[in-house]
Each structure stands twice: as C-alpha cells, then as structure tokens.
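Everything on this sheet refers to the single structure shown next.
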Amino acid sequence: MPYGTSAIKLIVLVRMDDIMSLTPVRCCLALECGRAKLYAMEDLSNYEKLKEDALKFYNEIGRVHSPAFGQEIQFDAEGFNHIVFKSPRTERERSSQIARFKLLPRAVKLIKDSTTYQEYEETLKEFEVKSFKKKKWKTLLVKYWGIIAIVDGRKIKVIIRKKGDNGMLHFWSIVPGWVTNKFRDTKFTTTMKGDPEED
C-alpha cells in the first residue's frame, strides 16, 4: 500500500467527519500527523536494523576532540548502553531509543563545534566495582556537563560524564528534550535541568 494511502487511512481511523470539517490548513496538519505516525510505526518495525546501524556508527566514533574541554571525549560502551537503557534494569521506550540513534551524528558535531557548556552538576553515586576479584560497592563523585545548541535545525543536549577523580570524560547521553530540576541523590553543585543520570 502506498505511503500516502496509509497515512490517510490513519486519519480516517480517527474520524473522517472531523477531517472534512477542518479548514484546508488544519486538514494538511492532520494528514502530516498521520504521515508522522506512519513513519514512527515504520521505525519501530525496523528497530533492530536501526539499532545495529547506530551501534556501528557509534563504534566508529571512538573519540572526539572537544574545544569546550580542551581534550578528547570518549565514546565508550557505557554511552551507547545508556541510550538503550534508562537505568541498569529499565530499557527506554523504543521510540525514545530511535530518536537518540538518529541524533548521534548531531551529538558528534555539537561536541566538535561547541566552545563552552551550559549546564554542570556534581553528585555522589554508588558503583559496583571489582577489587581483588571480589565485587563491592564504591561511592564516587560524578560530574556531568550539558552542552545545548540547535544543530541542523534540532535543539539537543549532549551530556558528558566523568566518574571519580581519575575518570575519563566520556559521552553519556543525547537528549532531544528535558524536564525541570528535581531532587536527586546528594547534590553538591548543579545548574542542570532534568536528571543527567537517566536522561
């Protein structure tokens, strides 16, 4: 079935009478909404392929020099894993993952071009670490930086993270939108909106 027909069918399922009563401009907006839903459905059906392509692109990045920090930012496995999982046991909605997959090239561009960051936060987090082949919990100071800009017509935020005093700066997340400040774990300094650990 042609895309246009499918898009119109999505609208008909809402209410054909409502579409007929709309002004031409609003009718076009309704049809565009139908197309957007169709494309979203197609993305979800191609999720595994999109994830595979995104992972391949991500692994090829390696490191990116950041003028804002005067050093390289690592794109390690933790960063991609965080795109897929909001927390260790909670997978993000697939629509959210797909949006972030598609924004990865913009994230690289933003890190390369930005000369400053707009948000900063320090907080304490517990991490499971290995010590003499035994697992134990260790509390580390975690720092987050948020770089915000409009890149190729999309407003995005890239989060850079550092764990502990000796940790490397690494890509943590790309966020197409974020929420207002809220209480989190022990928080020393923050200018950041949302929760950088989950965003």
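By the count of other C-beta atoms within 10 Å, a proxy for reagent exposure, H170, H82 are ordered fewest to most as H170, H82. Rounded to the nearest 20, the Cβ-based charge dipole of the range 57-133 about its Cα centre (Lys and Arg +1, Asp and Glu -1) stands at 320 debye. Sequence-distant or interchain residues sharing an amide H contact under 5 Å with S173, placed H: which? Placed amide hydrogens put I159 under 5 Å from S173. If one computes the Cα centroid of the range 131-160 and of the range 64-100, what distance in Å separates the two points? Here the answer is 8 Å between Cα centres. Pairs from the list K56/K133; K109/K143; K49/K133; K49/K155 with a Cα-Cα gap above 30 Å: K56/K133; K49/K133.
FYI, it's all coordinate maths here, none of it is from the lab. Bear in mind that the values here come from a model prediction, so they are computed numbers and not experimental data. Neighbour counts are summed over all protein chains in view; Cβ atoms, including those assigned to glycine, are modelled from backbone coordinates with ideal geometry.
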